[in-house]
1. Is it the case, given these coordinates, that B:Ala114 is in contact (Cβ under 8 Å) with a residue 40 or more places away in the chain and surrounded by 13 or more Cβ atoms within 10 Å (Cβ to Cβ)?
2. Please find, among A:Ala55, A:Ala32, the residue that is more than 12 Å from every other protein chain (Cβ to nearest Cβ), surrounded by 19 or more Cβ atoms within 10 Å (Cβ to Cβ) and assigned to a helix (DSSP H, G or I).
3. Could you check the stretch B:112-123 and list, in sequence order, the residues that are in contact with a helix residue (DSSP H, G or I) (Cβ under 8 Å, 6 or more places away or on another chain) and more than 18 Å from A:Ala153 (Cα to Cα)?
4. Can you pull out every residue in the stretch B:94-123 that is closer than 13 Å to B:Leu69 by Cβ and in a helix (DSSP H, G or I)?
5. From the list B:Val71, B:Val49, B:Val15, B:Val65, which residue is under 23 Å from A:Tyr62 (Cβ atoms) and exposed (fewer than 14 other Cβ atoms within 10 Å of the Cβ)?
6. Of the residues that sit in the stretch B:70-97 and are more than 7 Å from chain A (Cβ to nearest Cβ) and among the aliphatic types (A, V, I, L, M), which one is nearest to A:Leu161 (Cα to Cα)?
7. Select from the stretch A:95-125 the residues that are exposed (fewer than 10 other Cβ atoms within 10 Å of the Cβ) and in a loop (DSSP other than H, G, I, E, B) and list them in ascending order.
8. State which residue is nearest to B:Phe81 (Cα to Cα) when the search covers only the stretch A:126-141 and only residues that are among the hydrophobic types (A, V, I, L, M, F, W, C) and not in a loop (DSSP other than H, G, I, E, B).
Amino acid sequence: MTTLDVVFVLLGVVAVGAAVLVVTTRQLVHAALWLVVSFGALAGGYLMLTAEFVAWVQVLIYVGAVVVLLLFGIMLTRAPIGRSADLDSGNRWAALAVALATAGVLVTVLVRGFRTAYAPLDVAGQGAAKPLGESVFRIWVLPFEVLSVLLLAALVGAIVLSRREI
Amino acid sequence: MNTYFHDYLVVFVLVLLGAGIVAGGLGGNRLLRPHRPTREKLTTYECGVDPVGEGWAQSYVRYYVFAYLYVVFAVDAVFLFPWATVFALKGYGPTTLGEMFVFLGFLAAGLAYAAKKKVLSWV
């Protein structure tokens, strides 16, 4: 194993460990903050795979926006401070089964689909914004436009849900 | 080690250096300062007035929409970066320009809806 492999594995361990802490911690706010660590380690993993644009998108969207959204959700609903005793749900074994099944499907798809696909890590700038833009605006234009409709639907849905008088 | 990893090693060292400056400043402060806490000194500083209630309060649900708008427009901004690097290149041109404006148009419709429902007015 090279140094890069070691760093990549360590980042993976940090990401998984922080993710386990997210679901096991007794303090809801700490769960959101552990999620920052997990997402940050994931961004580091993307960086190690030379996908630098994806890594900074991970930092901007997940570490920045999604965690802010989660913290807002916590602040809006229960306003807890300190430990919460009633965080364990009776459904947690079902949740564990669903999580394992989802992970199984994802890993199987990835392994079967990309087992023989190799990308060299020593090409300069392959994960930057420009190659991504070339592929999005040459090949994946329709999914890109459909995404805007998805964002619109989510935006309208959030407004409708949060405003009672509409 | 190629230039990509070398560049990010520099970024990493810079991050460590920044963390070291903050930790060194606070740590040096802690070593040098006298430490005589009293009840009054340990209360939360709130403009020199005694604090009222707890530091944790529920917030209004309307602020959630602002956080949500931020998420939507962060996603939107993320797509502007790859677009900005290619739209002037040979073989893209007005079509790519139009595609981005279709994308922005959909989101602008959402923003117009939010404005129409007076979500954006600060209360």
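The values are calculated or read from the model by the stated rules, or taken from the named source; none is laboratory data. Since the model is a prediction, treat every value here as computed from it, not as a measurement. Because the Cβ atoms are built from the backbone with ideal geometry, glycine has one as well, and the counts that use them run over all protein chains shown.
1. Values: in contact (Cβ under 8 Å) with a residue 40 or more places away in the chain: yes; surrounded by 13 or more Cβ atoms within 10 Å (Cβ to Cβ): yes.
When the stated conditions are applied, B:Ala114 passes them.
2. Details: A:Ala55 fails: more than 12 Å from every other protein chain (Cβ to nearest Cβ).
When all the criteria are applied, what remains is A:Ala32.
3. Restricting attention to the stretch B:112-123, the residues satisfying the condition of being in contact with a helix residue (DSSP H, G or I) (Cβ under 8 Å, 6 or more places away or on another chain) are B:113-114, B:117, B:119-120, B:123.
The answer is B:Val123, and nothing else.
4. B:Leu107, B:Ala108, B:Gly110, B:Leu111, B:Ala112, B:Tyr113, B:Ala114, B:Ala115
5. Values: B:Val71 fails: exposed (fewer than 14 other Cβ atoms within 10 Å of the Cβ); B:Val49 fails: under 23 Å from A:Tyr62 (Cβ atoms); B:Val65 fails: exposed (fewer than 14 other Cβ atoms within 10 Å of the Cβ).
Matching residue, one of B:Val71, B:Val49, B:Val15, B:Val65: B:Val15.
6. For the stretch B:70-97, the residue satisfying everything is B:Ala77.
7. The answer is A:Arg115, A:Thr116, A:Ala117, A:Tyr118, A:Pro120.
8. Looking only at the stretch A:126-141, we keep the residues that are among the hydrophobic types (A, V, I, L, M, F, W, C), and these are A:128-129, A:132, A:136-137, A:139-141.
Checking the rest, the ones that are also not in a loop (DSSP other than H, G, I, E, B) come to A:129, A:132, A:136-137, A:141.
Values: A:Ala129: 6, A:Leu132: 9, A:Val136: 11, A:Phe137: 12, A:Val141: 15 Å.
Filtering first and then ranking leaves A:Ala129.
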